[in-house]
1. As a test, work out the antiparallel percent of DSSP beta bridges whose residues both lie in the chain, rounded to the nearest 5.
2. Under a GNM of the chain (C-alpha, springs under 10 Å), which listed residue has the highest mean-square fluctuation: Gln157, Gln201, Gln267?
3. List the residues of the range 139-179 whose backbone N lies under 18 Å from a point placed 7 Å from the Cα of Ala260 along the Cα-to-Cβ direction.
4. Counting other beta carbons within 10 Å of each residue's own, what order do Met234, Met127, Met252, Met134 fall into, fewest first?
5. Any idea what the alpha-carbon Rg over 2.2 N^0.38 Å comes to for the chain?
6. Sequence neighbours fewer than 8 away in the same chain don't count; with that in mind, list the aspartates and glutamates whose C-alpha is under 16 Å from Lys224.
7. Rounded to the nearest 20 Debye, what is the dipole magnitude of the chain about its Cα centre when Lys and Arg each give +1 and Asp and Glu each give -1 at the C-beta?
8. For the chain, what is the mean residue ellipticity at 222 nm derived from helices alone (per DSSP H run of n ≥ 4: -39500 (n - 2.57); sum divided by total residues; nearest 500 deg cm²/dmol)?
Amino acid sequence: MGKISFAGRNVLITGASFGIGKALSKEFAQRGAHLALGSLPQESQALDAWAAELSDTYNIRTWTFPIDLLSSDGPDRLYAEVSRAVGDIFALVNNAGVVAYGRFWETSWDRQYDVYRLNFSVPMRLMYLFLPDMVRRGEGVIFNTSSVSALQPTPFQSVYGATKAGLQSLSQAIRAELKGTGVTVCTLNPPYIETRLLSSQGYPRDLRFYTISGKKSPEWLAEKALAAFEKKKMLYVPGCSAKLIHLVLTRMSPRFLVDALSRFFLQGWHSSGRRGT
Ligand SMILES: NC(=O)c1ccc[n+]([C@@H]2O[C@H](COP(=O)([O-])OP(=O)(O)OC[C@H]3O[C@@H](n4cnc5c(N)ncnc54)[C@H](OP(=O)(O)O)[C@@H]3O)[C@@H](O)[C@H]2O)c1
């Protein structure tokens with residue numbers, strides 16, 4: 001497989017107004033991609049300002065789509081509006097996501113269900129909508145922002161980890177089905193990144209895992225991610241310690257140990273995980 005060039009190609013990124021999606025959009029812009037950027041409607045001003053800055057700085061075309069992907073027709077509306085305004089999309093970056101922290105049964109059902117839908121059903125639907133066009137054209141790529149949480153169970157963020165594991169399995173299965181079509185699916189599996197996600201209601205500020213993993217910046221992640229995207233890596237975990245922990249140690253260790261250590265490290269030093277949101 002050759003290296004992808006994004007110059008002059010249309011790239012759609014969901015959740016592009018802040019955090020990882022925003023940092024990824026800058027890296028794509030630096031490579032000359034034209035960008036369709038999504039966010040929640042209440043962040044449309046921030047998104048428009050960011051799109052204008054990218055457009056001026058990198059001399060690229062940008063479009064903004066402030067659509068709530070959790071509304072019943074959100075993904076279908078995004079597909080329709082992007083197709084009408086932008087035309088063909090070469091790369092779809094399924095990045096929008098949310099987390100809920102707390103014991104499964106103590107966390108509000110609505111919040112759990114939003115996590116499930118935004119992190120799993122929405123990217124599944126968007127892949128279902130965009131893939132036929134890509135396959136027809138014989139080119140295209142989907143980048144799903146998964147997580148290291150996909151690679152072992154995540155107590156106190158059980159639904160989050162399950163959605164990322166599901167997205168991982170779905171991505172790898174579809175990638176196998178796509179062989180020979182010119183289209184592929186890749187996952188980005190970040191460790192902890194300092195964004196608003198980690199300030200979600202109830203999320204411990206003193207998570208024990210930070211002591212061994214630290215937190216990286218979205219810019220650190222995005223630079224590494226784009227290098228991996230260009231090579232169409234199937235699953236990309238950035239950083240040596242994250243690779244060691246999530247790709248080696250969790251696979252070599254007995255299941256009971258992985259479960260016990262996950263339970264220990266995914267709580268705050270001063271909180272127990274008993275905080276439903
Ligand atoms: N931060 C981490 O440690 C980490 C680690 C591994 C994986 N990830 C994954 O990385 C992705 C990005 O997360 P982040 O850390 O950058 O978090 P973030 O700063 O909170 O960004 C999340 C993005 O998703 C968008 N979004 C949320 N709800 C939405 C909805 N209903 N409709 C449309 N867009 C919506 C937000 O849009 P608005 O700006 O408009 O609110 C925002 O742009 C997520 O899939 C997350 O699971 C994060």
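1. Values: 1 of 26 bridges.
Antiparallel: roughly 5 percent of the beta bridges in the chain.
2. Maximum fluctuation in the GNM of the chain, among the listed residues, is at Gln201.
3. So the set is 153-155.
4. Numbers: Met234 14, Met127 20, Met252 9, Met134 23.
Fewest-to-most ranking of Met234, Met127, Met252, Met134: Met252, Met234, Met127, Met134.
5. Numbers: Rg = 18.2 Å, N = 277, 2.2 N^0.38 = 18.6 Å.
For the chain, the normalised Cα radius of gyration comes out at 0.98.
6. Lys224 reaches Glu27, Glu194.
7. Values: 32 positive and 22 negative charges, 196 e Å.
Roughly 940 debye, rounded to the nearest 20.
8. On the way: 9 runs with 113 residues, N = 277.
It lands at -13000 deg cm²/dmol.
Readers should treat all values here as calculations from the given coordinates under stated rules, not as data from a laboratory. None of the values given here were measured: they were computed from a predicted structure. Heads up, the Cβs are rebuilt from the backbone with ideal geometry, glycines too, and the neighbour counts pull from every protein chain shown.
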